[in-house]
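Visitor: Can you keep this structure in mind? I'll have questions shortly.
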Amino acid sequence: TIPIDHLIFDFDVLDDKDYKQPPADGAYIRGLFMEGARWDRKIRRINESHSKQLTDTMPVIQLKPLRKEELEQRLVYEAPVYKTSERRGTLSTTGHSTNFVLDMRLPTDKPPSHWIQQGVGLLCQLDN
């Protein structure tokens, strides 16, 4: 058991396959879309979008609960996850938009500022 004030989540983007059994710890997340970039399945990192491709379907992602001190320090982009592509909503009492879900730490070879300038984010649903 991890006290809530020591809890943090890390994320592991998995291979494209069907996971029938739940993970030993955490949860699997399915059905997200990356906007502004793509998930490069060969190098297992964020990469530039293919020409004329606005979104990329993400593979299954494992949400892994950890103690803050166990979080591996590596180059990541903290990709914001939004419910819809509008990326805006009403400001809630937590100080976040009601459309914002959480930030997901995703591995990258480029500085996070590169992906921020590209407007990269994850979406729970597409408009069409």
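The values are calculated or read from the model by the stated rules, or taken from the named source; none is laboratory data. This structure is a prediction, so every number in the text was calculated from the model and none was measured. With ideal geometry, Cβ positions are generated from the backbone for all residues, glycine too; neighbour counts draw on all protein chains shown. Areas reflect the complete protein model, heavy atoms only, side chains present, ligands, DNA and RNA absent. Shrake-Rupley method; radii C 1.70, N 1.55, O 1.52, S 1.80 Å.
Visitor: For segment 78-97, give me each residue that is over 22 Å from ILE4 (Cα atoms), without any contact (Cβ under 8 Å) to a residue 24 or more places away in the chain and open to solvent by 40 Å² or more (accessible area, probe 1.4 Å).
Guide: Correct list: GLU86, ARG88, GLY89, THR90, LEU91.
Visitor: Any chance segment 100-118 includes a residue that's touching a strand residue (DSSP E or B) at 6+ places or on another chain (Cβ under 7 Å), free of Cβ contacts under 8 Å to residues at least 40 places away in the same chain and open to solvent by 90 Å² or more (accessible area, probe 1.4 Å)?
Guide: no
Visitor: Cβ-Cβ distance below 7 Å, separation of 6 or more or different chains: which pairs start in segment 10-38 with a residue that is of a type in the set (Ser, Thr, Tyr) and end on one that is outside any loop (DSSP other than H, G, I, E, B)?
Guide: Taking only residues 6 or more apart or on different chains, the pairs are TYR19/TYR28; TYR28/GLN62.
Visitor: Would it be correct to say that ARG67 is touching a His at 6+ places or on another chain (Cβ under 9 Å), surrounded by 11 or more Cβ atoms within 10 Å (Cβ to Cβ) and within 19 Å of LEU102 (Cβ to Cβ)?
Guide: Criteria met by ARG67.
Visitor: Then there's this: Output the residues belonging to segment 27-66 that are on the phi > 0 side of the Ramachandran plot and either hydroxyl-bearing (Ser, Thr, Tyr) or more than 15 Å from the chain's Cα centre (by Cα) (or both).
Guide: Residues of segment 27-66 on the phi > 0 side of the Ramachandran plot: 31, 36, 44, 52.
Answer for segment 27-66, where residues must be on the phi > 0 side of the Ramachandran plot and either hydroxyl-bearing (Ser, Thr, Tyr) or more than 15 Å from the chain's Cα centre (by Cα) (or both): just LYS52.
Visitor: Another question, if that's okay. Within 29 Å of THR1 (Cα to Cα) and loosely packed, with under 15 Cβ neighbours inside 10 Å: is that true of LEU75 in this structure? Outline the logic, then answer.
Guide: Values: within 29 Å of THR1 (Cα to Cα): yes; loosely packed, with under 15 Cβ neighbours inside 10 Å: yes.
When the stated conditions are applied, LEU75 passes them.
Visitor: Still on this structure, I have one more. Tell me, please, whether a residue that is of a type in the set (Phe, Trp, Tyr) and touching a helix residue (DSSP H, G or I) at 6+ places or on another chain (Cβ under 6 Å) can be found in segment 63-79.
Guide: Just the residues of segment 63-79 that are of a type in the set (Phe, Trp, Tyr), to begin with: 77.
Among the residues that remain, those that are also touching a helix residue (DSSP H, G or I) at 6+ places or on another chain (Cβ under 6 Å) are: 77.
Looking through segment 63-79, at least one residue is of a type in the set (Phe, Trp, Tyr) and touching a helix residue (DSSP H, G or I) at 6+ places or on another chain (Cβ under 6 Å).
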